[in-house]
Amino acid sequence: MRGAWFLIAVLVGCGDDGPSGPGKLVADPDVVTGCMPGVTAGQTRAKVVDCKEELVRGRLASGRIGDLVIENARLRVIIRGPGEGYYLQGSSGGGIVDAASATGEDLVKEIQPSVDLAVGAFDEIVITEAGNDGPAEIVVRGPASSLNLIAAVLNREPPPLIVEHRYRLAADRPELELETRVFAQPGAGEVDTPTLYEAVFLGGRTTAYTTGGVIAASGTTTSYALVYPPGSAVPQLVDIGGIRLIVGPSLELGVPQSRYLVIGDGSLASATGRAWELHADATGTIRGTSAPNVDIEIRQGTAITTIARTDASGAFEAAVPVGAYTLRATGIGRAPGTDASATVVEDADTTVAVQAGGTGTLSITVRDDANAPIPARVKIEQAGQDTRIEWVGASGTATVPIAPGTWSVAVSRGLEYEAFVASSVVVANGQTVPIAATLDHVVDTSGWISLDTHLHSELSTDSTLPIEDRLRAVAGEGVEMPVSTDHDMIVDYAPIITELGLGDFVGTMIGEESSSIVWGHINAYPMKLDPSRAAGGAVSWLKKSPGEVFAALHAGDPTRIVQVNHPRDGNGSLFDSIDLDPVTLTARKDPAALGLPAGTDLSDLRFDAIEVANGGRAEDFDEVLGDWLAMVAAGHPATAMGSSDSHAATSFAGEARSYVWVGAGKDDPATVDPAVITAAIKARHVVIGSHAFVTAGIVTTAGTSIPGETVNVTGLPQVTLRIKVQAASWQALSKIRIYQGRTEIRTITLDPQDAQPVRYDADVTLPAPVDDTFYVVRVDRAGPGDPVVSKNLPALTNPLFAHVD
């Protein structure tokens, strides 16, 4: 039956083709079936994907058997098959999920045609032209529907329209034609003139440009350009709720509107040149030479018109609109070159030589104090230049191109390790400079495993960090258990960790950040990835209360952690949005103010953890700490957690992290049981690390407790806390602060000049309590944590409970 479903869709469409309604879609009977990857020059093909060889390669490739492929000898595009879409909640099949040149990798998350900010719920997906005797064509059609995020931002219903979208591909062309028509739904009455949009989601290894009436993006081995035919309105880029949309012209009912998705070889020029040709612009060609494998920026004034890329011999070419241009060779790790000029006339070649700047190399090796290779972060700085971040992987080696000059190079591995700093590294043109860094492991966290439970990558709408760099960064900071928590997207890190060879250093848990723009962001982990669902099966928050989302995230799974993120981040964060009184555990906000029905219980606080330390919101720490202490005192079971909320290379993973007690000898990230971790989190066997690592417990004749445990102190003349504080020499510490309940009762001053790994290891006696109580230990820093941490976040324990009969 594989491949037969598209014939069923033919039975659904009916009516005359015109403004009153769409015509019947007829499937091409010559559609082929079976595994037939690739076509040769002069051919096109549209078919249902029958084997993985017919899919597109690449980290972001999400095509699957049962989707549709439309291809020629130059490009291959995957259209999502029936059911839900891939990337955003509320999307359906029928959008582009993968697109690449014949030899390139996919850099698309999803491209969905949109009408008046609504997509189509495509219930008809039909191959109308198989491509055996001309262009191939796939048609998708269905009623307009809303993406969840857009629906929440605009708070309106989708227009009463039927959306028809055609994908058309001719042989040997580098562009896919996109054609959209809309029709009024039966009984809709008069319909306002809608506007055509494109919801375009590209990966983090693309860079977008608006140039000469074209929206384009360069990439690694695939690039893209969207262009309208001559006489159409110039498309514009807009951002709504973190979604980048391309705004096109207005649509008249029943009248088709075409545009073209050009797919290039990775360089911007390989896509824009054809786009200007399709737009009927007068162009000429610049041909030239420079250094091998560099970008050639082609500018008018300060504005980039396009960017060519030289091949291994240093040759390049670019078709550009007629005019005068300045050319410059650029590249990562290369000094600025000498500008060249070119004047382009129509249908003529202009030849130019562009002198590139010099380049050198850092050859970096990183070892620990046992001479074993380890992952690390490399921070490269020069006065007046942006900070550059690179990572060393599992091999402990990295080769980094760098412009000639004098540089500061810092190599680090998070809070448990000493750092290496070479403040004056001189690199000459053509020179390779060795950097050998030994990072001593000085903070003993035996029995504890470090988690970062709040991380983002290119699969979040507000991050451009490639997913493999996300994991290199995690490993380089010494985080042992990253939790994937992209916005409203479930992602599995495990295959990428294996591919990068990081499995000995990094485990993983699957999670998600349910990201309501109404009342706040909530993490859940471990989750289950469902590839058949949009966003991997992430829980929808649209029109739901916090309590309903907590229940949906828990889903009856007793091992799952539901964590409130940045709860005091203003409107749109949970505690502020519901106006939480942490002392009484009640919400004071009227549900109607959040668009929820009267009587909705906003005091439903069935979550397991609170992000007390957030690397992106260090300024909120004291307020959230106060909330959490009050909630513990009121009997709420939430565990205090620390996490980075890292979205980019320069917001470091693990800047705040959670150390979870899993037991002596059981803290190997390659073998630790995630169920043991989540059980320990629920039991509050957790301390928060940032610049320092603090452990504490109540001492009795039975031993020393760990955070989260309850100790019976009945009859004891005093309570003794055993406190140990560790930090690497790069971090000065100022004091230890001890809380009993919500009140700070003791401060212990630390010597900020002390650079020993163990800064404090002693017993502290406190008056015996007369009632049940709890203690929390906090450690504050005394100054910057250069070159490893940049945020001022304390270290903290979870409660040490004392029981009095």
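The values are calculated or read from the model by the stated rules, or taken from the named source; none is laboratory data. All values derive from a computational prediction rather than experimental measurement. Please note: Cβ atoms are built from the backbone with ideal geometry, for glycine as well, and neighbour counts cover all protein chains shown. Please note that ligands, DNA and RNA were not included when accessible areas were found on the heavy atoms of the full protein model with its side chains. Shrake-Rupley method; radii C 1.70, N 1.55, O 1.52, S 1.80 Å.
The table for this structure:
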| item | result |
| --- | --- |
| Residue-normalised accessible area of the chain, given per residue in Å² at a 1.4 Å probe | 37 |
| ALA664-ALA702 FRET efficiency (beta carbon distance; Förster radius 22 Å; 0.05 resolution) | 0.80 |
| Amide hydrogen neighbours beyond the local backbone of SER145, cut-off 5 Å, H modeled | VAL119, GLY120, ALA121 |
| Cβ-defined net charge surrounding LEU542, 12 Å radius [Lys, Arg +1; Asp, Glu -1] | 0 |
| Overall dimensions of region 660-805 by Cα: Rg and Dmax, Å | 15.9, 49 |
| Coarse-grained scattering of region 357-409 at q = 0.17, 0.25 Å⁻¹, given as base-10 log I(q)/I(0) from a Debye sum over alpha-carbon atoms | -0.56, -0.98 |
| Solvent exposure, largest accessible area first (probe 1.4 Å, DNA, RNA and ligands not counted), of LYS109, LYS379 | LYS379, LYS109 |
| Globularity index of the chain, i.e. its alpha-carbon radius of gyration over 2.2 N^0.38 Å | 1.05 |
| Area accessible to solvent at TYR197, 1.4 Å probe radius, in Å² | 40 |
| Formal net charge of residues neighbouring THR559 (Cβ-Cβ distance under 14 Å; K, R +1; D, E -1) | 0 |
| Whole-angstrom gap from region 324-403 to region 280-301, using each part's C-alpha centre | 19 |
| Whole-number Å³ per residue for the convex hull built on Cα positions in region 700-771 | 113 |
| Karplus (6.51, -1.76, 1.60) ³J(HN,Hα), θ = phi - 60°, over region 585-596, in Hz, Gly and Pro reported as x | 6, 10, 9, 9, 7, 6, x, 4, 5, 9, x, 10 |
| Amide N proximity, region 649-691 versus GLN385 label position 7 Å along Cα-to-Cβ, cut-off under 20 Å | 649-651 |
| Mean projected area in nm² (Cα convex hull; one quarter of hull surface) for region 457-581 | 8.5 |
| Amide H contacts of ARG781 (H built 1.01 Å from N, under 5 Å, at least 5 apart or other chain) | SER734 |
| Difference of contour (0.36 nm per residue) and Cα-Cα distance, ASN371 to THR210 | 53.0 nm |
| Value at 222 nm in deg cm²/dmol, rounded to 500, when DSSP H runs of n ≥ 4 in the chain each add -39,500 (n - 2.57) | -2500 deg cm²/dmol |
| Once the Cα gyration tensor of region 589-725 is diagonalised, semi-axes √(5λ) in Å | 30, 23, 16 |
| Cα-based Rg of region 173-243 normalised by 2.2 N^0.38 Å, two decimals | 1.39 |
| Placed amide H near ASN798: partners under 5 Å, 5+ positions off or other chain | VAL686, ILE688 |
| Relative contact order computed over the chain (Cα-Cα under 8 Å; 6+ residues apart), in percent | 7 |
| Area projected by the alpha carbon convex hull of region 657-696, averaged over all directions, nm² | 3.1 |
| ASP192 accessible area, 1.4 Å probe, all protein chains in place, Å² to nearest 10 | 120 |
| When region 349-464 is reduced to its Cα atoms, the Kirkwood hydrodynamic radius in Å | 16.4 |
| Sum of side-chain charges, ALA121 neighbourhood, beta-carbon under 14 Å (Lys, Arg +1; Asp, Glu -1) | -3 |
| Karplus 3J(HN,Hα) series, Hz, for region 419-434 with 6.51 cos²θ - 1.76 cosθ + 1.60 (x for Gly, Pro) | 10, 10, 10, 10, 7, 9, 9, 9, 10, 9, 4, x, 8, 9, 10, x |
| Solvent-accessible area, 1.4 Å probe, carbon plus sulfur percent, for the chain | 50 |
| Pairwise label distance in nanometres, ASP557 with ALA353, each label 7 Å out on the Cα-Cβ vector | 6.3 |
| Sequence of LYS528, LYS24, LYS735 when ordered by accessible area, the most exposed leading, probe 1.4 angstrom | LYS528, LYS24, LYS735 |
| Neighbour-limited loop hits for GluC sites (Glu not before Pro), region 335-428 (at most 16 other Cβ within 10 Å; DSSP other than H, G, I, E, B) | GLU346 |
| Where the Cα pairs of region 429-511 fall when distances are cut into 5 Å bins, in % | 3, 13, 22, 21, 14, 11, 8, 5, 2, 0 |
| Using θ = phi - 60° and Karplus 6.51 cos²θ - 1.76 cosθ + 1.60, couplings along region 560-566 (whole Hz; Gly, Pro as x) | 7, 9, 10, 10, 7, 9, 4 |
| Among SER460, PHE575, GLY288 the positive-end extreme of the charge dipole of the chain (Cβ point charges) | GLY288 |
| Nearest-0.05 FRET efficiency for THR438 and ASP673, computed from C-beta distance (R0 45 Å) | 0.85 |
| THR338/LYS528 FRET efficiency (R0 45 Å; Cβ-Cβ; nearest 0.05) | 0.20 |
| With DNA, RNA and ligands ignored, accessible area of LYS52 (1.4 Å probe; Å², nearest 10) | 150 |
| Longest to shortest principal axis, alpha-carbon extents of region 250-339, angstrom | 54, 25, 21 |
| Cα→Cβ-extended label distance, 7 Å offset, between VAL758 and VAL322, nm | 8.1 |
| Restraint check, LYS52/LYS666; LYS528/LYS724; LYS682/LYS724; LYS724/LYS791, Cα-Cα greater than 32 Å | LYS52/LYS666; LYS528/LYS724 |
| For region 63-205, average projected area of the Cα convex hull in nm² | 9.3 |
| Heavy-atom SASA rank of TYR167, TYR209 (probe 1.4 Å, accessible area, largest first) | TYR209, TYR167 |
